[in-house]
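To start, the structure under review is shown below, and the notes come after it.
The values are calculated or read from the model by the stated rules, or taken from the named source; none is laboratory data. Please read these numbers as outputs of a predicted model, since none were measured by experiment. Here the Cβ positions follow ideal geometry from the backbone for every residue, glycine too, while neighbour counts run over all protein chains shown.
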Amino acid sequence: MPRRNPRNTLRSLYRHSFALDPAADAEFYRIVLPLLREPGIQNLDAYIQHSDITLLHHVISVSYLTYRACKRLGLNYEAGARAGILHDFVTYDWHDPDPSHRLHGFRHPYFALANAKAITALSAVEENAIVRHMWPLTPIPPRYKEAWVLTLVDKYCATKETLRKYQKHPEDLVS
């Protein structure tokens, strides 16, 4: 059985998402840079998503891992990468006890979709990935393979980020 390249494991790709290189990751940057330049996307850096990871870095990690997985599976990796950046495009801190943030897990995909549509045109795959990424909290599952990939990658990243607070050295980004 052939050995896996240790640089292509999910864990190593996740770690790499914290130190992307514009030269080495040029294709990924070509796809997502127009979105990353949007002021609304840049403002995601002001919000914490899980543990000490900002919302901006969360969406970059989800986008990068979705891009890599979709590319490897022969899927629409451009739609996967774009949807990854946009899937949590909400402009509030969901940790605040504000009543308007109630049921965040159920409602934010629709807020993210509306915000995404305000800054860019979306394909059907991208729309579905954004609005269904919280399945099974949202009862209708994703329709497209790329949306399934994003859904699973998002859960992986959210788990890694949430568990960081229990690690001895969370700055190492190692589980």
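Collect the residues in the range 44-55 that are part of a helix (DSSP H, G or I) and acidic (Asp, Glu), keeping them in residue-number order. Walk me through how you get there before you give the answer.
Let us first name the residues in the range 44-55 that are part of a helix (DSSP H, G or I), namely 44-46, 55.
Across the range 44-55, the qualifying residue is only ASP45.
Okay, residues lined up against (1) part of a helix (DSSP H, G or I); (2) charged (D, E, K, R); (3) modelled with pLDDT under 95:
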residue	(1), (2), (3)
HIS57	yes, no, yes
ALA79	yes, no, no
ILE85	yes, no, no
THR91	no, no, yes
HIS95	no, no, yes
HIS108	yes, no, yes
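Can you name the residue in the range 140-175 that is modelled with pLDDT under 85 and part of a loop (DSSP other than H, G, I, E, B) and, of all such residues, is surrounded by the most Cβ atoms within 10 Å (Cβ to Cβ)?
LEU173
So in the range 21-59, with the set limited to residues that are under 17 Å from GLU78 (Cα atoms) and touching a residue at least 40 places away in the same chain (Cβ under 8 Å), which one is surrounded by the most Cβ atoms within 10 Å (Cβ to Cβ)?
It comes out as VAL32.
So, in the range 108-139, of the ones that are in contact with a Pro (Cβ under 8 Å, 6 or more places away or on another chain) and aliphatic (A, V, I, L, M), which residue ends up surrounded by the most Cβ atoms within 10 Å (Cβ to Cβ)?
ALA129
Every residue, every condition in (1) in contact with a Cys (Cβ under 6 Å, 6 or more places away or on another chain); (2) hydrophobic (A, V, I, L, M, F, W, C); (3) assigned to a loop (DSSP other than H, G, I, E, B), yes or no:
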| site | (1), (2), (3) |
| --- | --- |
| LEU20 | no, yes, yes |
| VAL32 | no, yes, no |
| GLN42 | no, no, no |
| SER63 | no, no, no |
| ALA69 | no, yes, no |
| ARG72 | no, no, no |
| LEU75 | no, yes, yes |
